[in-house]
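Enquirer: Let me begin by handing over the structure; questions about it come next.
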Amino acid sequence: MQSKILYKALKLVEEVYDESMYGVDDLYRIKDIVHSVDKNHWESKKWLADTLFDLYNHNAGKFYIAGGWYGMMAYQLRQKWIGREMNIISADCDPICEEYAWKLFDGHDISFKTADVNNEEDFSEYTAIINTSCEHMEQEDLISIIKKKDPQTWIAFQTNDYIDLNSHINCWPTAKFFAESLQLDFVAYVDTLQLKDFNRFMVIGK
Amino acid sequence: MNIICVKFGTKYGPEFVNKLFTDLNRCDNFYCYTDDSNGLDKGITVIPDMGRPTLKVWWNKLRMFDKNFPLSGKTLFLDLDVKINNSSEHLYVCWNKITFIDCHWKQGKLYNRLSNYDVKMNSSMITWDADNPEVHKIWEHFNTGFRDYYLRKYKGIDRFIVHEDFEYNTFSHEYIQSKKYQPDIDYDPIIITFEELPVAIKDLI
């Protein structure tokens, strides 16, 4: 399955290059696509899916992925929740993410859409809200998501301590500090995944 | 004319702002847009951090093009690591468009490559009319669903402005000396820039 995803990513890279020759010149998308399927992202998304699967302990529900990028998080969740009784929605405010996510992960029963999580008023229908892009989002928006959700809805959030990127506006020094910042009523899991150049932190709770 | 600098983060301390203020004859209309006004000279008008969206370091320069930014009329921006060599009173600018430095010293095919995002302009000195709606479009364009993508794609605002196809003028070459690329010149520039060179306050005296 991994090689099939990587093959689709290669074909998408080819498509971006072809488009740059005769249409929209946006070659940086190539680098972005490569990053989205690299080892770090693959492992950190899988880490979340594996851990949430054990804690959630149900087959059915509706998952909302905020800042879902090109769809890797949604795909990893679908690998654990294989039945149709789990509905998975992956949203990102960048419209190109929706377009490319359909190309990378079509056929996996995932719904990709273009939406800014801050404009979502009602989270009551979701049984879990997943966000592995917390380092790119304002802290008050993370708190807002948690306040808007149903008390029984799970949250599974990841951030990191990689402060050197200008797009990383919400990094934390430790998983514990990140967990405390979210002000959850119930914390089920707090841990760190050590990657090559930085640490990724994950908090799961309600 | 407003004169403004932007100080975010800890790379440049208040002494850089105060030096710029002094070199510009402590003019009345000197502004500093900053997240930390400690240590700034009392004659400097502080524009505090306008908040969301949170931006890091030089990306905060784009905020000056927000139509809600509290400045009106002709405005001159200077980076904190430029050396004032000559009075800005000698500056002649066409105010119909935003104006940047033309990095005419950047030569070669490298800068014309499709995959090369480096550009031949520089935002160490900028002039614009703060009431010009065309300038406000820069900030508006940045604040779409693509903002996070732009922050990944472009190293800084220069590349964002060029590659997102905004129109701009450039200053007369005689206004600027690039210390790195033009160590010897035969004219008297208004400012000296230190692109990519580390700058200490003593370099600006």
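The values are calculated or read from the model by the stated rules, or taken from the named source; none is laboratory data. Please read all numbers here as calculations on a predicted model, not as lab measurements. With ideal geometry, Cβ positions are generated from the backbone for all residues, glycine too; neighbour counts draw on all protein chains shown.
Enquirer: Hey, which of the helices (runs of 4 or more DSSP H) in region B:61-164, taking only ones fully inside, have at least 1 residues that are away from chain A (no Cβ under 14 Å)?
Expert: Helices (runs of 4 or more DSSP H) meeting the threshold: B:133-142, B:157-163.
Enquirer: Moving to a separate point now. Restricting to region A:52-91, what's the tally of residues that are in contact with a Ser or Thr (Cβ under 6 Å, 6 or more places away or on another chain), within 14 Å of chain B (Cβ to nearest Cβ) and under 21 Å from A:Glu125 (Cα atoms)?
Expert: The number of residues fulfilling the criteria is 2.
Enquirer: Does region A:145-164 contain any residue that is in contact (Cβ under 8 Å) with a residue 24 or more places away in the chain, under 15 Å from the mean Cα position of the chain (by Cα) and within 13 Å of another protein chain (Cβ to nearest Cβ)?
Expert: No, that holds for no residue.
Enquirer: Could you look through region A:3-26, keep only residues that are of a type in the set (Val, Ile, Thr) and touching a residue at least 12 places away in the same chain (Cβ under 8 Å), and pick out the one that is farthest from the other protein chains (Cβ to nearest Cβ)?
Expert: Checked region A:3-26; the qualifying residue farthest from the other protein chains (Cβ to nearest Cβ) is A:Ile5.
Enquirer: Residue under question is A:Asp94, and the condition is that it be within 14 Å of chain B (Cβ to nearest Cβ) and at pLDDT 95 or above; does it hold?
Expert: Criteria met by A:Asp94.
Enquirer: Find the residue count for region A:119-141, including only residues that are more than 10 Å from chain B (Cβ to nearest Cβ) and of a type outside the set (Phe, Trp, Tyr).
Expert: Residues flagged as more than 10 Å from chain B (Cβ to nearest Cβ) and of a type outside the set (Phe, Trp, Tyr) within region A:119-141 amount to 14.
Enquirer: Checking A:Lys113 against (1) part of a strand (DSSP E or B); (2) crowded, with 16+ Cβ neighbours inside 10 Å, only one condition comes out false. Which one?
Expert: (2)
Enquirer: When you check B:Glu174 against the structure, is it touching a Pro at 6+ places or on another chain (Cβ under 8 Å), farther than 17 Å from B:Arg63 by Cα and surrounded by fewer than 20 Cβ atoms within 10 Å (Cβ to Cβ), yes or no?
Expert: Criteria met by B:Glu174.
Enquirer: Within region A:89-102, is even one residue part of a helix (DSSP H, G or I), of a type in the set (Phe, Trp, Tyr) and under 25 Å from A:Gln2 (Cα atoms)?
Expert: Checked against the condition, which is being part of a helix (DSSP H, G or I), of a type in the set (Phe, Trp, Tyr) and under 25 Å from A:Gln2 (Cα atoms), region A:89-102 yields at least one hit.
Enquirer: Can you name the condition, by its number, that A:Leu184 falls short on among (1) surrounded by fewer than 16 Cβ atoms within 10 Å (Cβ to Cβ); (2) more than 14 Å from every other protein chain (Cβ to nearest Cβ)?
Expert: Of the numbered conditions (1) surrounded by fewer than 16 Cβ atoms within 10 Å (Cβ to Cβ); (2) more than 14 Å from every other protein chain (Cβ to nearest Cβ), the odd one out for A:Leu184 is (1).
Enquirer: Which condition number does A:Leu104 fail, the rest of (1) without any contact (Cβ under 8 Å) to a residue 60 or more places away in the chain; (2) buried (at least 19 other Cβ atoms within 10 Å of the Cβ); (3) more than 23 Å from A:Ala175 (Cβ to Cβ) being met?
Expert: (1)
Enquirer: Please name all residue pairs, on different chains or six or more residues apart, with Cβ atoms under 6 Å, provided the first residue is in region A:27-42 and is within 11 Å of chain B (Cβ to nearest Cβ) and the second residue is small (Gly, Ala, Ser).
Expert: Here the result reads A:Leu27/A:Ser20; A:Leu27/B:Ser115, each pair linking region A:27-42 to a residue that is small (Gly, Ala, Ser).
Enquirer: Determine which single condition B:Glu167 fails, assuming it passes every other condition in (1) in contact (Cβ under 8 Å) with a residue 40 or more places away in the chain; (2) out of contact with any strand residue (DSSP E or B) (no Cβ under 9 Å at 6 or more places or on another chain); (3) in a helix (DSSP H, G or I); (4) surrounded by fewer than 14 Cβ atoms within 10 Å (Cβ to Cβ).
Expert: Among (1) in contact (Cβ under 8 Å) with a residue 40 or more places away in the chain; (2) out of contact with any strand residue (DSSP E or B) (no Cβ under 9 Å at 6 or more places or on another chain); (3) in a helix (DSSP H, G or I); (4) surrounded by fewer than 14 Cβ atoms within 10 Å (Cβ to Cβ), B:Glu167 violates only (3).
Enquirer: Are any residues in region A:131-152 surrounded by 15 or more Cβ atoms within 10 Å (Cβ to Cβ) and assigned to a loop (DSSP other than H, G, I, E, B), and if so, which ones?
Expert: Across region A:131-152, the qualifying residues are A:Thr132, A:Ser133, A:Met137, A:Glu138, A:Lys149.
Enquirer: Select from region B:31-59 the residues that are within 24 Å of B:Ile138 (Cα to Cα) and in contact with a Cys (Cβ under 8 Å, 6 or more places away or on another chain) and write down the one among them that is nearest to the other protein chains (Cβ to nearest Cβ).
Expert: For region B:31-59, the residue satisfying everything is B:Tyr33.
Enquirer: Right, next: Consider A:Tyr56 against the criteria (1) more than 15 Å from the chain's Cα centre (by Cα); (2) surrounded by 17 or more Cβ atoms within 10 Å (Cβ to Cβ); (3) closer than 26 Å to A:Val190 by Cα; (4) without any contact (Cβ under 8 Å) to a residue 60 or more places away in the chain: it satisfies all of them except one. Which criterion is unmet?
Expert: (4)
Enquirer: Here's something else I'd like to know. Determine whether region A:137-153 contains at least one residue that is at pLDDT below 95 and either in contact with a helix residue (DSSP H, G or I) (Cβ under 6 Å, 6 or more places away or on another chain) or acidic (Asp, Glu) (or both).
Expert: No, the conditions are met nowhere in region A:137-153.
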